[in-house]
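Read the structure below first, then the notes.
The values are calculated or read from the model by the stated rules, or taken from the named source; none is laboratory data. A quick note: this is a predicted structure, and the numbers were derived from the prediction, not measured. Cβ atoms come from the backbone with ideal geometry, glycine included; neighbour counts cover every protein chain shown.
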Amino acid sequence: MATLFRVARSPTTLLAMQTPVDPTTTSAWSDLSRTAESFYVDFRKWFEEDPERAKRFSREAADLYVDFSKNYLTDEVLEMLVRLAKEVQLEERRDAMFAGEIINTSEQRSVLHTALRRPKGDELMVDGVNVVDQVHETLERVYDFAEQVRSGSWVGVTGRQIKTIINIGIGGSDLGPVMVYEALKPYKLNDIECRFISNIDPADMYEKTHDVDPETTLFIVASKTFTTLETMTNARMAKNWLINSLRAVNAISDSEKQRAEAVAKHFVAVSTALDKVEEFGIKRENAFGFWDWVGGRYSVDSAVGLADVIALGKENWQEFLAGFHAMDEHFRTAPLEQNVPALMAMLNVWYNNFFDAQTHAVLPYSQYLHRFPAYLQQLTMESNGKRVRWDGSPVTTQTGEVFWGEPGTNGQHAFYQMIHQGTKVIPADFIAPINPAHALSESGTDVHGLFLSNFFAQTSALAFGKTADEVRAEGTAEEIVSARVFPGNKPTTSILVPEISPRVLGELIALYEHITFVEGVVWGINSFDQWGVELGKVLAKQIAPAIDGDREVLAQQDGSTQNLIEHYLDNRN
Ligand code: F6P
């Protein structure tokens, strides 16, 4: 059913302008601190004493079944975490975000990625404009263009059908599209191949272009700002590559007109800066816009996903968006005790701030999700790796965790050793599809079942471990008993999903978007700016002339940088 939000922009009442609640001053924080001091985790005992524990601490959100029972969670802790969320005004800030208030204070922007998946017909008025209408207008153009490319009615400058899409973008303009492309390969509609160039390392450009036919290649330049050094350099290189390659086979002449025609037929753009897109030579009708109220790392479900829409088609993309929306609605309406993103986030705070957990592992038992942890790194760490709060004052607690991970079972043979027997607390999310995209068997064994037995085994081993007596009972020599003990009591959250479908992937992405938001609210952080990436960008531009031998610029650098550049200059071929 269509819902209606109207934003009354009265600056004096904006929650966004208020000083964040210092979480350490809340009653819940004091109770959690006191509880943590003498907290004794004993999963074996907890499960023995409460046979219903698994059921009592499991929740559902859209298609996700989430088992929290192997976490440092008791009824008392749950009550305190929910109370903390209330005391820091999570619900009010969540509502402010959904309503389009300017909660990205340092950039003076609304934060409305949730509007990207609102159903057609909804109304969300921001500054007198219904942004849901704008979203659907752009979506229709994206669907239409994608269909033209897939059907072959969009052709290159020599009249040939497009066979390869190359997306040029970085950060949010790359990590999301590539992750989705990899995750949803079973849903691809045809053989058009999508490639992704992000790095300014020329190796990336070479590897993605050297074996494709320019006549059948379409570039998508994806950049919110259309100023990012890496993307713009790569886009210019791609333009030169296209024109030179087409000329080399006499597909076009060197006339200005033919060059412009080639660019027009082989380049489209996704950006908020449509004037800059035109300056680059891409026609306005071949540019797909989005809005400053969508952060780069929250933009995969905007036109930034154009390559994916070409691969997957309108119906799959609509399912993908519906998945996001289902999770948004769960987050917006479920009571906090049942609210999966809120609970996952509050548990992260519990581990981060009270058990000194420095990192958080995300371990998908799905090869299709192999880029999901990398995607989450930008989402979570660019959002919550901050040291000041949204009013500019210093944070009062530790903030964002290091997110990392690899798909199971590969991780089991690489770093799980440390999660099982190391000295650090490493909370981990295990994610698995119940049904595989391809049901294969080996010698009569269902391989997906075998795969998932690893998922169940690992979370069980992490929780319940293996005692010295159990090791001895296997006849192990006494001198290696301690090395073979598994302490257990390692916290994990298990997420079971029906399959990795467009809908479920949308739900998973929205889940982590909201987890990130909730953690940011607890710490008082603006999770939607990214000033920490600026200094390196500015310095790279300043240093560039020194690489070309400008001694004056070289002399302006610090001692170490000068030394390194000199070593580089002396040793390059
Ligand atoms: O590195 C910072 C950043 O601004 C990211 O937040 C963003 O996703 C990425 O650069 C790319 O930006 P753009 O889409 O404007 O090229």
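For the stretch 394-416, what are the residues that are out of contact with any Pro (no Cβ under 8 Å at 6 or more places or on another chain), touching a residue at least 12 places away in the same chain (Cβ under 8 Å) and of a type in the set (Gly, Ala, Ser)?
Residues satisfying the conditions are 400, 411.
Could you list, in sequence order, all residues of the stretch 522-573 that are part of a helix (DSSP H, G or I) and within 16 Å of the ligand (Cβ to nearest atom)? Lay out the reasoning, then the answer.
To start, the set of residues in the stretch 522-573 that are part of a helix (DSSP H, G or I) comprises 522-523, 531-547, 551-555, 559-571.
Listed by number, the residues that qualify are 531, 532, 533, 534, 535, 536, 537, 538, 539, 540, 541.
Test of understanding: among 2, 16, 54, which residue is of a type in the set (A, V, I, L, M, F, W, C), touching a Ser or Thr at 6+ places or on another chain (Cβ under 7 Å) and modelled with pLDDT under 95? Step through it out loud before you land on a result.
Numbers: 2 fails: touching a Ser or Thr at 6+ places or on another chain (Cβ under 7 Å); 54 fails: modelled with pLDDT under 95.
Result: 16 is the single residue among 2, 16, 54 that is of a type in the set (A, V, I, L, M, F, W, C), touching a Ser or Thr at 6+ places or on another chain (Cβ under 7 Å) and modelled with pLDDT under 95.
Which pairs do you get when a residue that is within 21 Å of residue 190 (Cα to Cα) and hydroxyl-bearing (Ser, Thr, Tyr), found in the stretch 163-177, comes within reach of a residue that is outside any strand (DSSP E or B) and away from the ligand (no atom under 16 Å from the Cβ), reach meaning Cβ atoms under 8 angstrom, with the pair 6+ apart or on two chains?
Listed pairs, sorted by first residue: 164/192; 164/212; 164/213; 164/216.
Residue check: is residue 215 over 20 Å from the mean Cα position of the chain (by Cα), surrounded by 18 or more Cβ atoms within 10 Å (Cβ to Cβ) and among the charged types (D, E, K, R)? Can you show your working first?
Values: over 20 Å from the mean Cα position of the chain (by Cα): yes; surrounded by 18 or more Cβ atoms within 10 Å (Cβ to Cβ): yes; among the charged types (D, E, K, R): yes.
The answer is yes for residue 215.
Test residue 280 against the criterion of being within 26 Å of residue 371 (Cβ to Cβ) and within 14 Å of the ligand (Cβ to nearest atom), and give yes or no. Before you say what the answer is, go through the steps one by one.
Values: within 26 Å of residue 371 (Cβ to Cβ): no; within 14 Å of the ligand (Cβ to nearest atom): yes.
Answer is no for this residue.
Return the residue satisfying two criteria in turn: it lies in the stretch 347-398 and is among the β-branched types (Val, Ile, Thr) and assigned to a helix (DSSP H, G or I), and of such residues it is nearest to the chain's Cα centre (by Cα).
First pass over the stretch 347-398, keeping only residues among the β-branched types (Val, Ile, Thr): 349, 359, 362, 380, 388, 395-397.
Next cut, assigned to a helix (DSSP H, G or I) only: 349, 380.
On the way: 349: 19, 380: 7 Å.
Selected residue: 380.
If you scan the stretch 258-309, which residues turn out to be aliphatic (A, V, I, L, M), assigned to a helix (DSSP H, G or I) and closer than 25 Å to residue 189 by Cβ?
Here is the first cut: in the stretch 258-309, the ones aliphatic (A, V, I, L, M) are 260, 262-264, 268-270, 273-274, 277, 282, 287, 294, 300, 303-304, 306-307, 309.
Next, only the ones that are assigned to a helix (DSSP H, G or I) stay: 260, 262-264, 274, 277, 303-304, 306-307, 309.
Selection gives 303, 304, 306, 307, 309.
Here's the yes/no breakdown for (1) surrounded by fewer than 24 Cβ atoms within 10 Å (Cβ to Cβ); (2) within 20 Å of residue 32 (Cα to Cα); (3) assigned by the TED database to the domain that holds residue 62:
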{"site": "350", "(1), (2), (3)": "no, yes, yes"}
{"site": "358", "(1), (2), (3)": "yes, yes, yes"}
{"site": "364", "(1), (2), (3)": "no, no, yes"}
{"site": "368", "(1), (2), (3)": "yes, no, yes"}
{"site": "375", "(1), (2), (3)": "no, no, yes"}
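Name the residues in the stretch 475-504 that are of a type in the set (Val, Ile, Thr) and either more than 19 Å from residue 465 (Cβ to Cβ) or in a loop (DSSP other than H, G, I, E, B) (or both), would you?
First, pick out the residues of the stretch 475-504 that are of a type in the set (Val, Ile, Thr): 476, 480-481, 485, 492-493, 495, 497, 500, 504.
Residues satisfying the conditions are 476, 481, 485, 495, 497, 500, 504.
Search the stretch 213-257 for residues being assigned to a helix (DSSP H, G or I) and within 12 Å of the ligand (Cβ to nearest atom), and hand back the single one that is farthest from residue 149 (Cα to Cα).
Applying the first criterion (assigned to a helix (DSSP H, G or I)) to the stretch 213-257 yields 214-216, 229-248, 256-257.
Applying the additional criterion that residues be within 12 Å of the ligand (Cβ to nearest atom) yields 229-235.
Working: 229: 28, 230: 26, 231: 23, 232: 24, 233: 26, 234: 23, 235: 20 Å.
Taking the candidates together, the pick is 229.
Within the stretch 167-212, take every residue that is of a type in the set (Gly, Ala, Ser) and surrounded by 19 or more Cβ atoms within 10 Å (Cβ to Cβ) and give me the one that is farthest from the ligand (Cβ to nearest atom). Give the steps one after another, and end with the answer.
Of the residues in the stretch 167-212, the ones of a type in the set (Gly, Ala, Ser) are 169, 171-173, 176, 183, 198, 203.
Remaining after also requiring surrounded by 19 or more Cβ atoms within 10 Å (Cβ to Cβ): 169, 171-173, 176, 183, 198.
Details: 169: 6, 171: 3, 172: 3, 173: 4, 176: 9, 183: 19, 198: 9 Å.
So, considering only residues that are of a type in the set (Gly, Ala, Ser) and surrounded by 19 or more Cβ atoms within 10 Å (Cβ to Cβ), the one farthest from the ligand (Cβ to nearest atom) is 183.
Let's see how each residue does on (1) buried (at least 18 other Cβ atoms within 10 Å of the Cβ); (2) hydrophobic (A, V, I, L, M, F, W, C); (3) touching a residue at least 40 places away in the same chain (Cβ under 8 Å); (4) closer than 30 Å to residue 193 by Cα:
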| residue | (1), (2), (3), (4) |
| --- | --- |
| 66 | yes, yes, yes, no |
| 69 | yes, no, no, no |
| 74 | no, no, no, no |
| 87 | no, no, yes, no |
| 91 | no, no, yes, no |
| 103 | yes, yes, yes, no |
| 113 | yes, no, yes, yes |
| 118 | yes, no, yes, yes |
| 124 | yes, yes, yes, no |
